[in-house]
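Encoded as structure tokens, the structure appears first; notes follow it.
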Amino acid sequence: MKNFIKLSKFIIVCALTFQLAGCLTVIKKVDKVLTFRNYELYESNVEYSMFDSNDNVRISFTQGKLDVRVADNNQWLQFGRETGSTFFPLKKISITEFNKDIEPFKAFIRWANKTYQEREETKLSINELPYGYIVVNETNTLEPLLIFGGKADLFYPPKLMALNKENVLRILVTSYSIKNNINTGSD
């Protein structure tokens, strides 16, 4: 009789667990519909640092990780940082225009591979390109950084975030990986 009671409890717990998992799926779908969200949000392994443009230095060397949005229809992906109600995005990468859309990141890597003197001489020409980012050599370390960000609200200065060469390479690797998974139908 004890075994029967234990088995009954186990079956009830399993049934409730499966129902709860189903409820969470429904809640997630309702949330997406109500918020007009057409993507899934994942945490990437790309680390960013907050950046002080006045002193031209990173405020902290590991602030957090960027999120990556992947469209429900698998047509695009986008890296950025969601802070409360604000999303600070990098350029959206379209799967159909993939090579064109990842060019800003490749351009940064090519620039970052140059010597400090060459980077100083060419950074203005890179910053004039319509990528929406700027490149800098950090004041104290002379490390090449890609800077992005935006204004969160009316009363605070813009938030700027910095990516070093290693993390821009992670963006490229992750982008290629997502693109290949989409093209092969893998998850």
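Okay, here's what the table says:
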read-out	value
Three-way shape call for the stretch 69-117 based on the alpha-carbon gyration tensor, with the a/c threshold at 1.5	oblate
In the stretch 93-153, GluC sites (Glu not before Pro) in a DSSP loop with at most 16 other beta-carbon atoms within 10 Å	Glu97, Glu128
Rounded if a/c under 1.5, otherwise prolate or oblate - the stretch 60-153, Cα gyration tensor axes	oblate
Out-of-range pairs (alpha-carbon distance over 21 Å; input Lys91/Lys179; Lys114/Lys179; Lys100/Lys151; Lys65/Lys159; Lys106/Lys165)	Lys114/Lys179; Lys100/Lys151
Fully extended contour minus Cα-Cα distance, from Asn113 to Ser94, at 0.36 nm per residue	4.2 nm
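Read-outs: derived from the displayed coordinates by stated rules, not from any lab. This is a predicted model, so every value here is computed, not measured. All Cβ positions, even for glycine, are placed from backbone atoms using ideal geometry, and neighbour counts span all protein chains on display.
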